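Only one structure is covered here, and it is reproduced in the block below.
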Amino acid sequence: MSAEIIDGKAIAADLRHQLEKEVRVLSDGGIRPGLAVVLVGEDPASMSYVTAKERDCEKVGIYSRDIRLPVDTSRETLLKLISDLNSDEDIHGILVQLPLPEGLDEEEVIRHIDPAKDVDGFHPESIGRLVLNLDGFLPCTPHGVIKMLEASNIAIEGAEVVIVGRSRIVGAPLANLMFRKAPGGNATVTVCHTRTKNLADVVRRADIVIAAAGRPNTVTADMVKDGAVVIDVGVNRVDDSSRPRGYRLVGDVDFDQVKEVARAITPVPGGVGPLTRAMLLWNTVESAKRFQEGPRTV
Ligand code: GUN
């Protein structure tokens, strides 16, 4: 039997509707949530991501400030801009699009963002809070995966979850979120990586497989238990001369084969990606609510 295809676009649209209402209430109360998106350079993929984020803000009524800087922007200019945004009362979230051009230290730039405006959830303070199970901004893709499972009525608590990939922005934080004692957590989590022995054997144990390796066909049908849920976080460009752009997007999962054994599966595109974008809006609204509640803390 073919798997249920989890519709990330529809789940994200529902979340945006909910956020749109919250934005209206906040704005009526005098605080319109504001997001600053900073792009240094002209990397084409980054430019299209940033444009999409701005369009999303517009859809839900979030004020978006689009700041585009030349590729040779100095460290001092970028840090000064972030300091200004940190103290700007119209801005509740700051996103610096990564990767930064060579010569700029991403770690230093991220650390410079006020953790109270770190809507990407990349600041060491946000990551520390996540690991310690304290309130804070959650990184958007891991948070989106949890929302997607919850919206699809897939139980996380008690499930055997296998995550393939240990990146700092997906695998590692998602593992922490899914095993911590909190809603969306309480799973038994295994993280696989390039040194894992017998990847197929480990993945076959999973009730929920999360593919976040950044490589097409990392998860194939023989590795997936009958009736498992498969979430594909990968976004890979593969050459395809039949497409106008000369490439198409595929995930990390062999979708056509795996959908024949899984209970539910996410497509690429149209799966996790829309949720990642929706969770950025979510964090921006959260930040504005905290701003409204009083002194700025995370
Ligand atoms: N580059 C690709 N994805 C992201 C993201 O989620 N946040 C930032 N800041 N940069 C990115």
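The values are calculated or read from the model by the stated rules, or taken from the named source; none is laboratory data. Please read these numbers as outputs of a predicted model, since none were measured by experiment. Methodologically, a virtual Cβ is constructed for each residue, glycine included, from the backbone with ideal geometry; neighbour enumeration extends over all protein chains shown. For accessibility, only protein heavy atoms count, side chains too; no ligands or nucleic acids. Shrake-Rupley method; radii C 1.70, N 1.55, O 1.52, S 1.80 Å.
Computed over protein heavy atoms with a 1.4 Å probe, the carbon and sulfur contribution to the accessible area of segment 22-71 reaches 55%. Put the Cα centre of segment 87-137 next to the Cα centre of segment 200-249 and the gap is 29 Å.
In order along segment 104-119, the phi-based Karplus estimate (6.51 cos²θ - 1.76 cosθ + 1.60, θ = phi - 60°) of 3J(HN,Hα) comes to 9, 8, 4, 4, 5, 5, 5, 5, 6, 6, 4, x, 5, 10, 7, 6 Hz; Gly and Pro are listed as x.
Taking label positions 7 Å along the Cα-Cβ direction at both R243 and K21, the computed distance is 3.7 nm, reported to one decimal. The residue among Q292, Y247, P269 whose Cα reaches farthest toward the positive pole of the charge dipole of segment 229-298, with charges on the beta-carbon of Lys, Arg, Asp and Glu, is Q292. With 0.36 nm allotted per residue and the present C-alpha distance subtracted, the L134-L79 stretch has 17.0 nm of extension available.
Grab the other residues whose beta carbon is less than 13 angstrom from that of T190, score K and R as +1, D and E as -1, and report the net. Working shown, then result.
Working: positive: R166, K197, R204, R205; negative: E160, D201, D207.
My count for the surroundings of T190 gives +1.
Per-residue SASA remark: L134, around 90 Å² accessible (1.4 Å probe; ligands, DNA and RNA not included). Testing the spin-label approximation: label points 7 Å from Cα along Cα→Cβ at R111 and R195. State their distance in nm. Output for this residue pair reads 2.6 nm.
Annotation: extensible slack from T220 through A45 equals 60.3 nm (criterion: 0.36 nm per residue apart, minus Cα-Cα distance). Measuring against 20 Å, Cα to Cα, the residue pairs K181/K225; K21/K147; K9/K289; K147/K197 contain K181/K225; K9/K289; K147/K197 as the ones spanning a longer distance. In the context of the full protein assembly, R68 retains an accessible surface of approximately 100 Å², using a probe radius of 1.4 Å and ignoring ligands and nucleic acids.
The mean of 1/r over all pairs of different alpha-carbon atoms in the chain, once inverted, gives a Kirkwood hydrodynamic radius of 19.9 Å. Could you point to the residue in V224, A12, I163 farthest towards the positive end of the chain's charge dipole, with +1 and -1 charges on the Cβ of Lys/Arg and Asp/Glu respectively? Positive-most Cα among the choices belongs to V224.
The residues of segment 28-107 expose on average 50 square angstrom of accessible surface per residue, using a 1.4 Å probe on protein heavy atoms. Distance between the pseudo-spin-label points of Q292 and A52 (7 Å out from Cα toward the beta carbon): 2.9 nm. Checking every one of the GluC sites (Glu not before Pro) in segment 1-107 against DSSP loop status and a limit of 13 other Cβ atoms within 10 Å picks out E42, E89, E102.
For K80, the lysines whose Cα comes closer than 18 Å to its Cα, not counting residues fewer than 8 places off in the same chain, are K117.
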